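The values are calculated or read from the model by the stated rules, or taken from the named source; none is laboratory data. None of these values were measured; they are calculated from a predicted model. Positions of Cβ are generated from backbone atoms using ideal geometry, with glycine treated the same way; all protein chains shown enter the neighbour counts. The accessibility values were calculated without ligands, DNA or RNA, using every heavy atom of the protein model including side chains. Shrake-Rupley method; radii C 1.70, N 1.55, O 1.52, S 1.80 Å.
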Amino acid sequence: MKNLKYVGVALAASLICVFLWFNPLPSRASQPSVLLQTEPFLSQVVPDEAPVRVALQAVDATGQPLSNVQFQLQLSTPVKTPWFTSDFPVVEGTQLLELSAKAPSGKLEFEQVMPIRGNYTLKAQVEPLVAGAFEPFEQSLQLSVPEKTTKYRNAAILIGILMIAGVASGWVIGGDQTVQDGEVAPQPIRLLLSAATVVAIAVLLFVNINAELASAHSHGEMQSVTASPVQKSEDFEIRLSGDQQAIVGQLASQTIQVVNAKTGNPEADIIVNVEAIALEDNKQMFAYYGRTNNQGNLTWKEQFFDGAPHQVVAEIAPPNSLTLRVSHEVEVEGIAPPLYIRFISLSYYTGIFVLSLLAGVWLHRQSSRPVVLFGR
């Protein structure tokens, strides 16, 4: 009877599992959330290249889009990586963008150049524009940007060159080091040092010539949009204000204000097209298409991470009115990375060369040993 009881319990449990498999219980209502979409896909994004279009959609617990939404965004760069630094180590672990925006349809879009590879954190605070429409909530999103494939290729080429040079040098050093009369060093060592000197001079010339050509090319492409920070028509007046001196690693605040030219009152819900352009290569770094708030303002903070002069441009095109365009330049102070960061990659490549050198010495000595065919 006892065994039959256990069999009955097992059979009942199996029947319940089968029933739940085909008829799952209704789950509790999920929380409101923010859906993220990027163009191109994050796996195709190249750091410090074309801007990435980021689209956010606020939805309710049932997945339906929310309307009349106020977004508060904070985009942070990947955390510091002391053992494998990026191209902009000063930018690591800093804030890249802060944006406060109205989204009548619950959707927000902006474009931003991602400076380095790694996992970015996008914190989104969502609040209703109409009190009580829905409960405010907050969500953190991750944006994973891969490293440039060219960096892996260049690193592999450099490591290969260092290994070949190290093994060859070790092979020479492991040979006969007899010093002849009147010689300061053995002939193989002198030839090795002479070859190393020639290669070092050629590398320095190549690097300096490329740097000069790149500098001349970038300065030749510098462009600037001619506009003032204040423009006025019969109906509207637009003003651009904010920081015109910025530092890499820190946010710079920018504000657009739109007022009625006749009454002087702020104009809400005016669509403003904003962009930040790096003047050295005339590249768009940030873009946003948003609306002014009830005070007629549109404010954001962004980091100019590449240390080059930028121009902030804003434009409004109200219905039945003239298009107004304002701009100002932002001088950016670059910050050199700490000295120890520069030694990280140097220590890796030096270690590879030294190990290859020792391997060359060992290989030469192994090849110089007499081969014993028949041992006693």
Of those in segment 120-138 that are without any contact (Cβ under 8 Å) to a residue 60 or more places away in the chain and assigned to a strand (DSSP E or B), the residue surrounded by the most Cβ atoms within 10 Å (Cβ to Cβ) is Y120
Considering only residues that are farther than 19 Å from Q250 by Cα and of a type outside the set (G, A, S), which ones fall in segment 86-110? K102, P104, K107, L108, E109, F110
Odd one out for I247 among (1) among the β-branched types (V, I, T); (2) modelled with pLDDT of 90 or more; (3) within 25 Å of I335 (Cα to Cα); (4) exposed (fewer than 11 other Cβ atoms within 10 Å of the Cβ): (4)
When residues of segment 319-376 are limited to those that are of a type in the set (F, W, Y) and touching a helix residue (DSSP H, G or I) at 6+ places or on another chain (Cβ under 8 Å), the one modelled with the lowest pLDDT: F353
Which of the residues spanning segment 277-312 are within 19 Å of Q244 (Cα to Cα), small (G, A, S) and assigned to a strand (DSSP E or B)? A278, A287
Give segment 34-52 a look and list any residue that's over 13 Å from the mean Cα position of the chain (by Cα) and touching a residue at least 12 places away in the same chain (Cβ under 8 Å), or say none. V34, L35, L36, Q37, T38, E39, P40
Given (1) surrounded by 21 or more Cβ atoms within 10 Å (Cβ to Cβ); (2) over 26 Å from the mean Cα position of the chain (by Cα), number of the condition E315 does not satisfy: (1)
If you take the residues in segment 36-52 that are in a strand (DSSP E or B) and open to solvent by less than 90 Å² (accessible area, probe 1.4 Å), which one is farthest from E127 (Cα to Cα)? V52
I need the full set of residues from segment 107-117 which are surrounded by fewer than 21 Cβ atoms within 10 Å (Cβ to Cβ) and of a type outside the set (K, R), in order please. E109, E111
What is the residue count in segment 313-349 for residues that are in contact (Cβ under 8 Å) with a residue 12 or more places away in the chain, under 18 Å from D87 (Cβ atoms) and either assigned to a helix (DSSP H, G or I) or basic (K, R) (or both)? 4
Search result, residues across segment 124-159 that are of a type outside the set (S, T, N, Q) and within 16 Å of the chain's Cα centre (by Cα): L141, L143, V145, P146, E147, K148, K151
Residue list for segment 325-350, filter: farther than 25 Å from D281 by Cα, surrounded by 13 or more Cβ atoms within 10 Å (Cβ to Cβ) and either touching a Phe, Trp or Tyr at 6+ places or on another chain (Cβ under 6 Å) or among the hydrophobic types (A, V, I, L, M, F, W, C) (or both): I341, I344
Which condition number does S241 fail, the rest of (1) under 19 Å from E331 (Cβ atoms); (2) in contact (Cβ under 8 Å) with a residue 60 or more places away in the chain; (3) open to solvent by 40 Å² or more (accessible area, probe 1.4 Å); (4) not aliphatic (A, V, I, L, M) being met? (2)
Condition check: assigned to a strand (DSSP E or B), open to solvent by less than 10 Å² (accessible area, probe 1.4 Å) and at pLDDT 95 or above. Does L141 satisfy that? no
Within segment 64-103, residues being surrounded by 19 or more Cβ atoms within 10 Å (Cβ to Cβ), part of a strand (DSSP E or B) and over 12 Å from the mean Cα position of the chain (by Cα) number 6
